[in-house]
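Worksheet for the structure shown next.
The values are calculated or read from the model by the stated rules, or taken from the named source; none is laboratory data. Being a predicted model, the structure only gives us computed values, none of them experimental. Methodologically, a virtual Cβ is constructed for each residue, glycine included, from the backbone with ideal geometry; neighbour enumeration extends over all protein chains shown. For the accessible areas, the whole protein counts, side chains as well, though only heavy atoms, and no ligand, DNA or RNA atoms are used. Shrake-Rupley method; radii C 1.70, N 1.55, O 1.52, S 1.80 Å.
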Amino acid sequence: MPDRSLARSRTDLSDFLIRRRKKLTPVEAGLPSTGRRRTPGLRREEVAALAGVGLTWYTWFEQGRDIQVSESFLLKVAKALKLDDAECSHLFLLAHRRPPPPEAYQWPSVGPLIQTLLDDLVTRPAYVANLRWDIVAWNQMADDLFGFKGRAQPDRNMIRLIFADPAFRRRCPSWRDEAPKVLSQFRCDLASTPDDPAMLALVDEMKKLSADFRRWFEQPDMDLYARGIGTILDPDGTRRNFAHEMLTVDEYRHLKMVVYFQQS
C-alpha cells in the first residue's frame, strides 16, 4: 500500500520550492537585472546554477519525484533560495523528515525600504523581529530604549532581554505582571512551529537562565497576551507607558514589525 503521507510531503515540498523560487527576484539572488520577465521570480536553471547542482536533478527535486538528495544538496538549495532559519528547517523536514544541522541557520534581515520605514518613525520605537523574537532591524528610538546596537547578535532577542537581563528587568516596574503576558504571546508563536530547532533551543536555554520563564512556560492557563513590556523606565528614572501594535513585514518569513506608542 503506498505511503500517502510521503506523497503529501513531496507535494508540499514541490509547492514550497516553487513558491520560494517565484518570490525571489534576480537582484535579491545576486544576479544582474535583465529587464522585465514573463514570469516572476527565478527560473529553475538559475536556482540550479546558484546552488551549483545539476539542472535535471534540481528539476526532479522541485517536482517532488522519488529521488534521494544529500544534506549538502539541501543546504546549497537553501542558500541559493535565501532561506532563513525557519524556512531551512521546513525544507529539511519536508525532504529528510528531520531538522537541518545547527550551522545551517541564517540570521534574517530586512530590505532597505523596510529599514527606511523604521527610520521614518522618528517619534516611536519600532523594531522587526522574527518568529523566534530575534531583533533583526530597529530604529533609533528603539535603540535608545533597548540598546540593541550595543548588544551582541545572539543577545538581540526580546525574550532573552526580558527574562535574562537583570539590568533591563530593573527598568520595568510592572515586570512581574507584564512578563507572563509576553511569554504567553511567545508560546503562541512557538505553537505555529512546534518542532523548529532554533525555537526549541531558545526555550531550553531560557529555562536554564530564568526560573520565572521556566515556571510560567509550563503553566497552560495563561490567557493574557502582549507583544512587549508596557512600562519602562528611562535611564534617568522617567516612567514611560506604552501600547503596542504589530504589522506583518513578511508573512512567509514570519517577520513582524512591533511599534511602541507612548501613552499619556
(Q) Could you tell me the calculated FRET efficiency between Thr116 and Leu209, based on Cβ-Cβ distance and R0 = 25 angstrom, to the nearest 0.05? (A) 0.10
Q. Tell me, in nm to one decimal, what length is gained between Thr123 and Arg19 on full extension, where the rule is 0.36 nm per residue of separation less the Cα-Cα distance?
A. 33.7 nm
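Between Asp195 and Thr248, take the C-beta separation as r, use R0 = 22 Å, and let me know the FRET efficiency to the nearest 0.05.
Details: r = 23 Å, r/R0 = 1.03.
That pair, Asp195 with Thr248, gives E of 0.45.
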Q.
Give me Rg/Rg_expected for segment 5-84, where Rg uses Cα atoms only and Rg_expected = 2.2 N^0.38 Å with N residues.
A. 1.08
Q.
Taking the solvent-accessible surface of protein heavy atoms with a 1.4 Å probe, what is the per residue accessible area of segment 111-156 in Å²?
A. 47 Å²
Q: Using Cα centres only, tell me the gap between segment 108-152 and segment 37-80 in whole Å.
A: 33 Å
Q. When the accessible area of the chain is split by element with a 1.4 Å probe, what percent falls to carbon and sulfur?
A. 52 percent
Q.
With the crude spin-label approximation of a point 7 Å out along Cα→Cβ, what separation in nm comes out for Val27 versus Cys188?
A. 3.5 nm
**Q.** q = 0.09, 0.12, 0.16, 0.17 Å⁻¹, the chain: log10 I(q)/I(0) [Debye, one scatterer per Cα]
**A.** -0.49, -0.81, -1.21, -1.30
Q: Output the relative contact order of the chain, whole-number percent, from Cα pairs under 8 angstrom with separation of 6+ residues.
A: 15 percent
